[in-house]
Amino acid sequence: ALARELADRAVALAPNHPLIAYFQFARGLAAYRCGDFVAAAKALDASLDNSESLNPYCEPMAKVLRAMTYQQQGEIDRARELLAEATEMVAGLSQIEGDEPFDQSLWHDRVGLEVLFKEAKSLIPSEN
């Protein structure tokens, strides 16, 4: 609950900050973890509306979390579509492991993305 209060405060105090999309993402994540999927969806939509300021790992992270909110709200097809869109976005990004160069300054966002992907894949059923 404290994380949610802090995220709400960041958004309220700095609505024009260059990093507002990150604050909105944090607000969405905190609301999701509190079980408030409507508030999470609203915050994540706001974050994605400002996605030009997100780094290459945070935009798909917001989409994965938004897909999870769709699933929690019973919108399974939309959840699958957005998860597939995020998966496609990530396919072009460098991986943590392997021979490709990896931007070391973004390691924490890449790890966060991997964690949310794993959770989303266990939550959102694949089409059969």
Check: What do you reckon, is A12 under 30 Å from P125 (Cβ atoms) and among the aliphatic types (A, V, I, L, M)?
Finding: no
Notebook entry, point to check: Got at least one residue in the stretch 43-65 being under 19 Å from K118 (Cα atoms) and acidic (D, E)?
Noted result: yes
Checklist line | Count of residues meeting criterion [closer than 22 Å to Q104 by Cα, open to solvent by less than 30 Å² (accessible area, probe 1.4 Å) and not aromatic (F, W, Y)] in the stretch 36-59 | finding: 4
Next item on the list: Filter the stretch 11-35 for residues that are open to solvent by 30 Å² or more (accessible area, probe 1.4 Å) and either touching a residue at least 12 places away in the same chain (Cβ under 8 Å) or in a helix (DSSP H, G or I) (or both) and give the result.
Entry: A12, L13, P18, L19, Y22, F23, A26, R27, L29, R33, C34
Notebook entry, point to check: Name the residues in the stretch 1-10 that are in a helix (DSSP H, G or I) and either touching a strand residue (DSSP E or B) at 6+ places or on another chain (Cβ under 7 Å) or loosely packed, with under 12 Cβ neighbours inside 10 Å (or both), would you?
Noted result: L2, E5
Notebook entry, point to check: Looking at Q73, is it touching a residue at least 12 places away in the same chain (Cβ under 8 Å), out of contact with any strand residue (DSSP E or B) (no Cβ under 6 Å at 6 or more places or on another chain), farther than 18 Å from V115 by Cβ and open to solvent by 60 Å² or more (accessible area, probe 1.4 Å)?
Noted result: yes
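The values are calculated or read from the model by the stated rules, or taken from the named source; none is laboratory data. For clarity, every value in this text was computed on a predicted model and none was experimentally measured. Methodologically, a virtual Cβ is constructed for each residue, glycine included, from the backbone with ideal geometry; neighbour enumeration extends over all protein chains shown. Remember, those area values only see protein heavy atoms, side chains included, never the ligands or the DNA or RNA. Shrake-Rupley method; radii C 1.70, N 1.55, O 1.52, S 1.80 Å.
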